[in-house]
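Chemist: I am attaching a structure below and will ask some questions about it afterwards.
Values quoted throughout were computed directly from the atomic coordinates according to the rules given, and no laboratory measurement underlies them. Being a predicted model, the structure only gives us computed values, none of them experimental. Cβ sites come from the backbone with ideal geometry, for glycine too, and all protein chains shown count toward neighbours.
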Amino acid sequence: MENNVLMQFKDLGAILVLALAAAGSACGTGAAGMAAIGAWKKNFAQSKAASFMLVVFVAAPLTQTVYGMIVMRQLMEFVNKGQFLWGIGAFSGLAIGLSAFWQGKCAACACDAMGETEKGFGYYLVILGMAETVALLVMAFTLMLLGIFKGA
């Protein structure tokens, strides 16, 4: 590949980690948001109070975008030195994004259950925290790997 063409894609890995993490956050938040709206509709139809606490479930997948941004920032340091690390950006972004997506699916189930029973908020948060942990571990291990590359 010509150097000129290669330089057009120099920041691809950094962009991918943020884009894939944000895409997962968007999908997860969308799934949870639709479930919250459905739960509220059921509550309103039954003349019951609708719990605003469902917003916590809907917002949970958004943090993975922040994790993608943190990794992107570190990858940009390598890009500025001429090291592109596309694979690290792509695969860490994919893992963080999948964490957000599945966390959103779990949050959708939590919205449905909480909307119907008005019970179990803490239990549901524990499950969302487990899905969140995957993204945190990916971010931590990616930053650790980048630290090793920085020292090499």
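Chemist: What stretch of the chain, leaving out the sites themselves, is the longest with no chymotrypsin sites (Phe, Trp or Tyr not before Pro) in a DSSP loop having at most 14 other Cβ atoms within 10 Å?
Modeler: 53-152
Chemist: Under a no-solvent Debye model with one identical scatterer per Cα of region 95-137, what's log10 I(q)/I(0) at q = 0.19, 0.23, 0.32, 0.34 Å⁻¹?
Modeler: Relative scattering, expressed as log10 I(q)/I(0), comes to -0.52, -0.69, -1.04, -1.11.
Chemist: Another question, then. If you plug each phi of region 66-79 into the Karplus form 6.51 cos²θ - 1.76 cosθ + 1.60 with θ = phi - 60°, what whole-Hz ³J(HN,Hα) values come out, in order, with x for Gly and Pro?
Modeler: 5, 4, x, 5, 5, 5, 4, 4, 5, 5, 5, 4, 6, 4
Chemist: Something else now. Got a sec? How would Val138, Val66, Val126, Val17 order by Cβ neighbour count within 10 Å, fewest to most?
Modeler: Ordered from fewest to most neighbouring Cβ atoms within 10 Å, Val138, Val66, Val126, Val17 come out as Val126, Val66, Val138, Val17.
Chemist: If I model a spin label at Lys41 and Lys119 as a point 7 Å from the Cα along the Cα→Cβ vector, what separation in nanometres do I get?
Modeler: The modelled label-to-label distance comes out at 2.7 nm.
Chemist: Can you pull out the trypsin sites (Lys or Arg not before Pro) in region 70-129 whose DSSP state is coil and whose Cβ has at most 11 other Cβ atoms within 10 Å?
Modeler: Lys81, Lys119
Chemist: Apply the Karplus parameterisation 6.51 cos²θ - 1.76 cosθ + 1.60, with θ equal to phi minus 60°, to every residue of region 85-92 and state each ³J(HN,Hα) to the nearest whole Hz, in sequence, with x for glycine and proline.
Modeler: 6, 4, x, 4, x, 5, 6, 5
Chemist: Pull up the cross-link candidates among the lysines for Lys150, meaning alpha carbon to alpha carbon under 16 Å and not fewer than 8 places away within one chain.
Modeler: Those lysines meeting the cut-off are Lys81.
Chemist: Further, regarding this structure: Which of the aspartates and glutamates could a cross-linker bridge to Lys42, judged by Cα under 13 Å and excluding same-chain residues fewer than eight apart?
Modeler: Asp112, Glu116, Glu118
Chemist: Sorted from fewest to most neighbouring beta carbons within 10 Å, what does the list Cys106, Cys27, Cys111 look like?
Modeler: Cys27, Cys106, Cys111
Chemist: While we're looking at this one, here's another question. At 222 nm, what helix-only mean residue ellipticity would the chain give, in deg cm²/dmol to the nearest 500, using -39500 (n - 2.57) for each DSSP H run of four or more?
Modeler: That calculation yields -28500 deg cm²/dmol at 222 nm.
Chemist: Can you pull out the GluC sites (Glu not before Pro) in region 38-138 that DSSP calls coil and that have at most 16 other Cβ atoms within 10 Å?
Modeler: Here the sparse-neighbourhood loop sites are Glu118.
Chemist: With θ set to phi - 60° and the Karplus curve 6.51 cos²θ - 1.76 cosθ + 1.60, what are the ³J(HN,Hα) couplings of region 22-34 in order, to the nearest whole Hz, using x for Gly and Pro?
Modeler: For region 22-34, the Karplus-derived couplings read 5, 5, x, 4, 5, 5, x, 5, x, 5, 5, x, 5 Hz, x marking Gly and Pro.
Chemist: Would you mind estimating how fast region 10-145 diffuses translationally, via Stokes-Einstein at 10 °C and 1.306 mPa s with the Kirkwood radius over Cα pairs, in µm²/s?
Modeler: For the chosen part, D equals 104 µm²/s.
Chemist: Please arrange Met139, Met76 by counting, for each residue, the other beta carbons lying within 10 Å of its beta carbon, fewest first.
Modeler: So the ranking, lowest neighbour count to highest, is Met76, Met139.
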